[in-house]
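Since every read-out is calculated from the coordinates, none of them should be taken as a lab result. Nothing here was measured: the structure is a model prediction, and the numbers come from that model. Glycine also receives a Cβ, built like all others from the backbone with ideal geometry; neighbour counts cover every protein chain displayed.
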Amino acid sequence: MYRRQSLLKDQLFNRDKVATIAAQLGCAHRAFDAVSFEKAVMSRLPELELKQRISWITDCLEAHLPVDYRRAVNVMLRSLPAPCDPQLLDGDFGDFIYAPYSEYVARHGCTREDLVFSLAALRELTTRFSAEFAVRSFIHAFPEETLVTLTRWTADEHYHVRRLCSEGTRPRLPWATRLGTPVDYAVPLLDSLYVDTTRFVTRSVANHVNDISKLDPDLAVDTLQRWRRSGQQAAREMDYVVRHATRSLIKQGSPRALELLGVPVEASVTVSKLSFPDRVELGSELEFSFTIRAEQDTEVIADYVLHYPDTQGRLTGRKVYKLKRLSLARHEQATLTKRHLLRPRMTTRTIRPGRHELELLLNGRTHTKHAFWVTAPTPH
């Protein structure tokens, strides 16, 4: 049975985190009233959702920092801890509690007069926590000038700054407002970043190209083909970038994307020994399995789709999940088993009791569908 864990918003924004930045700001500026700031933040923090907490802490910063924009930003910059370790190849994401600092810069410093100062501040802030949301305000207002700065940052010594150049310009960055720039706006940046030696950066590049693929599939595939032909990135890392960047196209069965991965459009296989439940209790695991048999040597990308009902019972929700890639010799068999937890509380979607469907995709093509019922959890 699913056990409820502490909410993400409470892990990222809580009294201890607020007390930490209050103390840091107080050390950086003697006139800063750390006690008043902490009290003000905590007066509303528990009732707010994650993004609302960022905005509320920013509001409280406005009320407690100097009125002058540049003086206030300099206080925040002086208060910062050491940057994330620049020698790491992946991992250290930073601390969410510094997200309000970047929002403060975006709110008050997105002017032509403060452009150079503000972008320099975001460069410092992003080495503690990504300024990917804040930089988009500057792309909106000053696309050409910001692109010049981002181009310079693609060679920055800190991998978080290089990642910002890709992540902050993503066409469909989660939780962010959409950019009004052309879909290929950041391709010149990506042309420098795809050869990065840091997975934290190349993963962002792949996610960016995956975003592009939803708007201009040919541009995405053409870009990946060009990068692969250049031979400038290590073969193994280039393969990773291609796989990760084409995942949406593969789920759609895109022939060009499949070709790029060396996978046939039609998988020469048969599917048997399907085992699917008819009923699953909400909060428990949906477990299923099936066997694939190759009719000839082939590559198979197996995914599955869950179709979710809305409040009226209509299957309007759809989410594709990765399963496994297989290299099968002629007449070789492979049995795949998956356990998928049907969590009752998620931030991205609501799973309700009722009729659902499980769909198997092989190389982006539907091979079978199975209806099952999600039942309400048994009371204890």
>> What would the Debye equation give as log₁₀ I(q)/I(0) for the stretch 80-162 at q = 0.17, 0.20, 0.23 Å⁻¹, counting only Cα atoms as equal point scatterers?
In response: -0.64, -0.87, -1.11
>> Once you keep just the Cα pairs under 8 angstrom separated by 6 or more residues, what percentage relative contact order results for the chain?
In response: 10
>> Ignoring everything except DSSP H segments at least 4 long, calculate the 222 nm mean residue ellipticity for the chain; use -39,500 (n - 2.57) per segment, divide by total residues, nearest 500.
In response: -13000 deg cm²/dmol
> Can you list residues whose amide H is under 5 Å from Val280's amide H, if they're 5+ apart or on another chain and H is modeled 1.01 Å from N?
Replying inline: Trp373, Val374, Thr375
>> Highest mean first, how do 62-69, 50-57 rank when packing is the count of other Cβ atoms within 10 Å averaged over residues?
In response: 50-57, 62-69
> Per residue, how much space in cubic angstrom lies within the convex hull of the C-alpha atoms of the stretch 16-74?
Replying inline: 77
>> Give me P(r) over the stretch 1-141, computed from all C-alpha to C-alpha distances, binned every 10 Å, as integer percentages.
In response: 11, 42, 35, 10, 2, 0
> Hey, can you rank 105-116, 308-319 by average C-beta count inside 10 Å, highest first?
Replying inline: 105-116, 308-319
> If we count other beta carbons within 10 Å of each Cβ, what is the order of Cys165, Cys60, fewest first?
Replying inline: Cys60, Cys165
>> Using the crude model of +1 on Lys and Arg Cβ and -1 on Asp and Glu Cβ, and no other charge, please compute the dipole size for the stretch 269-375 relative to its Cα centre, in debye to 20.
In response: 360
> Once phi is turned into ³J(HN,Hα) by the Karplus curve 6.51 cos²θ - 1.76 cosθ + 1.60 with θ = phi - 60°, what whole-Hz value does each residue of the stretch 314-321 show in order, with x for glycine and proline?
Replying inline: 7, 7, 9, x, 8, 9, 9, 10
> What distance in nm separates the simple spin-label points at Ala176 and Asp216, each placed 7 Å from Cα in the Cβ direction?
Replying inline: 1.7
> Any idea which of Pro143, Phe288, Asn14 is furthest toward the positive side of the dipole for the chain, if Lys and Arg beta-carbons carry +1 and Asp and Glu beta-carbons -1?
Replying inline: Phe288
> In whole angstrom, how far apart do the alpha carbon centroids of the stretch 180-194 and the stretch 11-55 sit?
Replying inline: 36
>> I need the per residue convex hull volume for the stretch 188-295, using only the alpha carbons, in cubic angstrom as a whole number.
In response: 154
> Hey, got the dipole for the chain? About the Cα centre, +1 on K and R Cβ, -1 on D and E Cβ, debye to the nearest 20?
Replying inline: 1020
> Hey, can you rank 248-258, 178-188 by average C-beta count inside 10 Å, highest first?
Replying inline: 248-258, 178-188
>> Quick check on the chain: what are the equivalent-ellipsoid semi-axes from the Cα gyration tensor, as sqrt(5λ), descending, whole Å?
In response: 43, 29, 16
> Per-residue HN-Hα couplings for the stretch 95-112, Karplus 6.51 cos²θ - 1.76 cosθ + 1.60 at θ = phi - 60°, whole Hz, x for Gly and Pro?
Replying inline: 10, 4, 5, 8, 4, x, 5, 5, 5, 4, 4, 5, 5, 10, x, 8, 10, 5
